[in-house]
Every structure is written in C-alpha cells, then in structure tokens.
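The following block contains the structure, expressed as structure tokens.
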Amino acid sequence: MPFSPLYFLLFILLLGFLLAFVQVGLLTVAFDKLGLSAHSAMLLLFSSLLGSAINLPLFSVKAERPPEMPEMPERLRGLLRHTMQEFTGRTIIAVNVGGCLIPLFFSIYLLRHHPLPLDQVFLAIVLVSAVSYYFSRPIPGLGIGMPIFVAPLSAAVVALAINSEHSAPLAYISGTLGVLIGADLLRLGNIRQMGVPLASIGGAGTFDGIFLTGIIAVLLA
C-alpha cells in the first residue's frame, strides 16, 4: 500500500468526522456566516481535502542536517507522511494546493464580496501573523509546528475587536493568511537548518492546519 494502514484508517475516520460535522451543522453555520451556499461549501470542503495531497515545487535551497536530529518513531512515520524521503543536502520549497492556494483564493473571494476596509484587513493579518510567528517552532526533520488553536483564537479575537459587524470573513482571512505568513513564509529562514527534503507552504496537512484555522476562527467570531 502507498499509505500505511494507520494513515489510511485515520484518513477514513477524518472523512467520516467531517461528514458528521456537516450533518451536525457546525460547518453549515460557519459557511453561512461566510455567505456560501451548501453546494459551494461542499465544493470548498472537498477541494481542500483533495488539494492537501498536492504540493507544487517552486525551487530548492541548500540545507544542513541538524547536528542532533531525533529519530522519528517507526509508528509515527506512516501517520505523518506516506514515505520518509531521504535528505540529500537540499530542501525543495513547495506550495500546498489545499493548505495554501485554495485558502488564498477563497480569501480574495471574501474580500471581493464583503465590505472590509483594506486597512482593517491588513492590521488583522499583521497581528495574527505576529502571534503565529511567536508560537511557531521549527522541528528538526519535520518542519514548522504550532499549537492548533492559537491561530483561530487569535484571529477570532482580532476580528471581533477590529470589525465586529463583519468578524466572520475577517477572522477567516486573518486566520489563514496570518498562519501562512507568520508560521510559513517568515519561517523559511529556519528551513535551511532543519534537514527536511521538502518544505511545503501550508502543507502540514490541510485539516490540522490552515483549513481548521479558518473554520474555527469563523465559528468563534
């Protein structure tokens, strides 16, 4: 199998969880607050899911292996990725479709369909980016890690404080772009010392990162 049994089982459980999430209505509430129809919401949901498996290479940089890189436990290797690529001294910088491009285009869509002043959007993104940068940490051999609820909580608080009338779209935009900028783009300088063969912008996995950040931020706002 191209994926480990554990990874495949978690994928099936995650898919079932998302379908149940839709039935309960939490995702429906979130997408309603963003002005999406049920059809558009499902299209965004499954596009993000499928796109999370696609990384588009941009360029490569020379990198170094950390002097004491911890060995990854065998039981976690299939969980984190289906193959552990060998580090050859260079790191490929890529962009993840589901975790970066789709949230970016959807944020542009929200900007075009909601009366959000650009100065408020800029301020919200800067604040969430600063929080994301502060709480994110480089993990040798893996990439950049950050507690999952830090970004959505900060995005919801910032959005409510800046523009309570349109807090939902502002929370999504600042939450997703704030993570992409603060935890990914501003951390590219750390990539050279982590010994990873691939560094994907927005690519730690859509549903444990960018997607959940946006949705949770909208629900809290």
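Derivation of every value follows stated rules applied to the coordinates shown; laboratory data play no part. Keep in mind the model is a prediction, meaning the values are calculated, not measured. Counting neighbours? That spans all protein chains shown, and the Cβs are built from the backbone with ideal geometry, glycine included.
Which of the peptides 89-96, 117-124 is most tightly packed, and how do the rest follow, judged by the mean count of other Cβ atoms within 10 Å per residue?
Ranking the peptides 89-96, 117-124 by packing returns 89-96, 117-124.
Show me the ranking of peptides 182-190, 163-171 by mean Cβ neighbours inside 10 Å, starting with the highest.
Working: 182-190: 19.6, 163-171: 21.8.
Packing proxy ranking, top to bottom: 163-171, 182-190.
While we're looking at this one, here's another question. What distance in nm separates the simple spin-label points at I54 and F149, each placed 7 Å from Cα in the Cβ direction?
Reported label-point gap for I54 and F149 is 3.4 nm.
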